[in-house]
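Below: the structure, in structure tokens.
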Amino acid sequence: MHRDGHARRRAGAGSGVNSASAPPDGSCDVRFGSSIAHCEPAFGWCVVPHSAASISTVSYVLAMARYPRVREQHVAVFGEAGSGKTVLVSSFYGPSQEKSFASDLFDLVADEIGQGTRLYKNYLGMRDHATAPAHTRFEGTTYYFSLKLKGAGKVKAKKRPFDVLRLAWHDYPGEWFEESPSSEEEAHRRIDTFRSLLRSDVALLLVDGQKLLDYKDREEQYLKSVLTNFRQGLLALKEDLLNDGGRLDEFPRIWIIALSKADLLPEWDVHAFRDLVVWKADEPIDLLRKTLREFVVAPDALSLGEDFMVLSSAKFELSSAGPKPVEIDVTKRLGVDLILPVASLLPLERRVQWQEKFMIPMKVLESLADGADTLAVAMMGGRNPLVRKFVARLPNVGPVQGRAALPLLIEAVKLAGSQLRQINEDARENKDYLTATLTQFKLDLERGEVDGLLIRSK
Ligand SMILES: Nc1nc2c(ncn2[C@@H]2O[C@H](COP(=O)(O)OP(=O)(O)O)[C@@H](O)[C@H]2O)c(=O)[nH]1
Ligand SMILES: [Mg+2]
């Protein structure tokens, strides 16, 4: 399913305005009277300077009456059978449906009711019945979640560049990397499933905490086997994914190694985990990185082994009698709340880092964190002078857009500490839910580092 493709078509079609130019990303410049507006149909918004000469007043207008305006992020989760993928997605979604946990800035909903119900039921099973979800082997699923900003329909909301942040969560079963397909049909399904997640900027590679315990003092065996299976699996798909041998512009470029079931290793923080992985598995990581880089143009712009997370979907109390949990405390989660901030903001940060370090083709930068400028504008809030300056330059968009946007992106990425908190507080006070949400995500990432749950590449 290609939701974004659908959204782009819907946004671009029949807008009643004449496009002056139509680059492949669907963005275009549109003449509104004497002004030229830059439109991002993918996000469903246009920026129109009120007059070409006066840049002090700028407003976002809708290219057509379409609500909600959606921005989509993809995240791909890879893990062997039993490594905790289904529990993770259930524990990501479940609490958002409870009043006490729900966010004051947005509502999280599953786009497909059936999926949402299933995930919530999984969560209830854990919360109320100490029952983990049934195993789902050989099932590659994409879950679509929409984070709907509060305040929809209010005057202020109309000015924001998007109302919904959609998260496409691709679950790619690791068993597909361990076992050969049983039929040609299944082989095709694997390739299709993999293709569907190529739009992800961020991939999580799960390392199973239970397995680390099982392999105590010989963790290298387990780590090597996970990483090697994964690499072999990728190599098996390579020919089909790289049609005509051409490398891909769009491919997950931020590979985070994440410890799942971290509650089983209470004395570990992300630094201990990183140290173990680096000490015991540097070679298989190098090999995997090399293989991943063979898939993409601009191979420098791909990181593996630089970002780490620890995750626990709940605290599982096991009985001494067997593997069945006696209690699952869903209130004791670790790192799960960082998934949205990581998926939304890490690509933006990495894009700036890479752009400063390497010569990277524009089309690659744009596929990584596409619409990064939109996000930066939103993060800094409309009143910031840099934002105004940037928006003023928008009529000159086109290939130079990315470079013109760089100072703004850098500024947004650099936001930290008290300045960030201040923007967040102001936005909350002004009920500017978009800026509040994005700055909150950034604060969450800072907090995650302080709490030893996240290491971001510097
Ligand atoms: N201690 C602990 N156990 C977990 C956690 N997540 C999953 N598990 C256990 O691992 C099993 C497999 O998880 P599941 O999500 O079904 O794995 P999947 O095959 O990757 O989808 C569950 O039945 C739980 O017993 C966690 O966060 N902590
Ligand atoms: Mg599963």
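Annotations for the structure displayed:
- Test: Arg190 is over 25 Å from Glu349 (Cβ atoms) and surrounded by 16 or more Cβ atoms within 10 Å (Cβ to Cβ): yes
- Verdict on Leu88 being under 16 Å from Leu338 (Cα atoms) and not in a loop (DSSP other than H, G, I, E, B): yes
- Residue list for the stretch 110-138, filter: surrounded by fewer than 17 Cβ atoms within 10 Å (Cβ to Cβ) and within 30 Å of Tyr433 (Cα to Cα): Asp111, Glu112, Ile113, Gly114, Thr117, Lys121, Leu124
- Cβ pairs under 7 Å, 6+ apart, first in the stretch 166-181 and assigned by TED's automatic domain parsing to the domain that holds Gly116, second polar (S, T, N, Q) and within 11 Å of ligand 2 (Cβ to nearest atom): Asp171/Thr141; Gly174/Ser83
- Restricting Met309, Met362 to residues that are more than 20 Å from Leu415 (Cβ to Cβ), in contact (Cβ under 8 Å) with a residue 40 or more places away in the chain and outside the structural domain of Thr131 (by TED's automatic domain parsing) narrows the list to Met362.
- Subset of the stretch 91-108 [modelled with pLDDT of 90 or more and either part of a helix (DSSP H, G or I) or in contact with a helix residue (DSSP H, G or I) (Cβ under 7 Å, 6 or more places away or on another chain) (or both)]: Ser91, Phe92, Tyr93, Gly94, Pro95, Ser96, Gln97, Leu105, Phe106, Leu108
- When Ala76 is tested against (1) surrounded by fewer than 21 Cβ atoms within 10 Å (Cβ to Cβ); (2) outside any loop (DSSP other than H, G, I, E, B); (3) not β-branched (Val, Ile, Thr), only condition (1) is not met.
- Long-range neighbours under 8 Å by Cβ, at least six apart or interchain, first residue under 19 Å from Pro173 (Cβ atoms) within the stretch 88-102, second within 13 Å of ligand 2 (Cβ to nearest atom) and of a type in the set (Val, Ile, Thr): Leu88/Val77; Val89/Val77
- Scanning the stretch 276-306 for residues that are closer than 24 Å to Lys363 by Cβ and of a type outside the set (A, V, I, L, M, F, W, C) turns up Arg289, Lys290, Thr291, Arg293, Glu294, Pro299, Asp300, Ser303, Glu306.
Yes or no, residue by residue, for (1) modelled with pLDDT under 90; (2) buried (at least 19 other Cβ atoms within 10 Å of the Cβ); (3) in a helix (DSSP H, G or I):
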| residue | (1), (2), (3) |
| --- | --- |
| Gly382 | yes, yes, no |
| Val391 | yes, yes, yes |
| Ala405 | yes, yes, yes |
| Arg428 | no, no, yes |
| Glu449 | no, no, yes |
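- Single residue of Arg274, Arg218, Arg231, Arg289 found to be assigned by TED's automatic domain parsing to the domain that holds Trp176 and touching a Pro at 6+ places or on another chain (Cβ under 8 Å): Arg231
- Complete set of residues in the stretch 177-199 that are at pLDDT 80 or above, hydrophobic (A, V, I, L, M, F, W, C) and touching a Gly at 6+ places or on another chain (Cβ under 9 Å): Phe194, Leu197
- Asp300 being surrounded by 19 or more Cβ atoms within 10 Å (Cβ to Cβ), among the charged types (D, E, K, R), outside any helix (DSSP H, G or I) and within 22 Å of the chain's Cα centre (by Cα): no
- Scanning the stretch 129-165 for residues that are within 16 Å of ligand 1 (Cβ to nearest atom) and either at pLDDT 70 or above or of a type outside the set (Phe, Trp, Tyr) (or both) yields a total of 14.
- Meets criteria (assigned to a strand (DSSP E or B) and either within 12 Å of ligand 1 (Cβ to nearest atom) or not assigned by TED's automatic domain parsing to the domain that holds Leu288 (or both)) for Leu213: no
- Scanning the stretch 159-189 for residues that are part of a strand (DSSP E or B) and of a type outside the set (Phe, Trp, Tyr) yields a count of 8.
- Boolean, Asn229 is surrounded by fewer than 13 Cβ atoms within 10 Å (Cβ to Cβ) and within 26 Å of the chain's Cα centre (by Cα): no
- Entry remark, the stretch 312-329: residues being under 15 Å from Ser91 (Cα atoms) and either outside the structural domain of Trp255 (by TED's automatic domain parsing) or not in a strand (DSSP E or B) (or both) number 2 in total.
- Filter result for Glu178 (within 16 Å of ligand 1 (Cβ to nearest atom), over 29 Å from Leu340 (Cβ atoms) and over 25 Å from the mean Cα position of the chain (by Cα)): yes
The values are calculated or read from the model by the stated rules, or taken from the named source; none is laboratory data. Treat the numbers as computed from the prediction; the structure is a model and nothing was measured. Neighbour counts are summed over all protein chains in view; Cβ atoms, including those assigned to glycine, are modelled from backbone coordinates with ideal geometry.
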